[in-house]
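Note sheet for the following structure.
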Amino acid sequence: MRIVVDLNRCQGYAQCAFLAPEVFELHGEEALMFTPAVPDGQQEYVRRAAAACPVQAILVGERAGPGER
């Protein structure tokens, strides 16, 4: 599973960091860091984090990313 975060849409609500802290981390007040390739065992947490994002900035999928086939 891979994820892409639209950092232009992200408003730093940090719901993703609370729900999937092994994948998402907020640095400072607005800088979101994330792991594009979701580690094993974290898929359900990431799906919940994406659903909880107030601005729907997280795209989840097997092939979520530019150039992926």
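For the chain, find the longest principal axis of its Cα atoms and tell me its angle to the long axis of helix 43-52, 0 to 90°, nearest 10.
50
So if the hydrodynamic radius of the chain is defined as the Kirkwood radius over C-alpha pairs, what does Stokes-Einstein give as its diffusion coefficient at 4 °C and 1.567 mPa s, in µm² per second?
Answer, rounded: 110 µm²/s.
How large is the helix-only mean residue ellipticity at 222 nm for the chain, computed as the sum of -39500 (n - 2.57) over DSSP H runs with n ≥ 4, divided by its residue count, in deg cm²/dmol to the nearest 500?
Helix-only estimate at 222 nm: -5500 deg cm²/dmol.
Pull out the extension gain between ALA31 and LEU7, defined as 0.36 nm times the separation in residues minus the alpha carbon to alpha carbon distance; nm, one decimal.
Result: 7.7 nm gained on full extension.
Per residue, how much accessible area does the chain have with a 1.4 Å probe, in Å²?
Per-residue accessible area for the chain comes out at 67 Å².
Based on DSSP loop calls and a cut-off of at most 11 other Cβ atoms within 10 Å, the longest stretch of the chain free of exposed GluC sites (Glu not before Pro) is what?
Excluding the exposed sites themselves, the longest stretch runs over 31-61.
What size of dipole, in debye to the nearest 20, comes out for the chain about its Cα centre when the only charges are +1 on Lys and Arg C-beta atoms and -1 on Asp and Glu C-beta atoms?
260
The values are calculated or read from the model by the stated rules, or taken from the named source; none is laboratory data. Bear in mind that the values here come from a model prediction, so they are computed numbers and not experimental data. Positions of Cβ are generated from backbone atoms using ideal geometry, with glycine treated the same way; all protein chains shown enter the neighbour counts. With ligands, DNA and RNA removed, areas are computed over all heavy atoms of the protein, side chains included. Shrake-Rupley method; radii C 1.70, N 1.55, O 1.52, S 1.80 Å.
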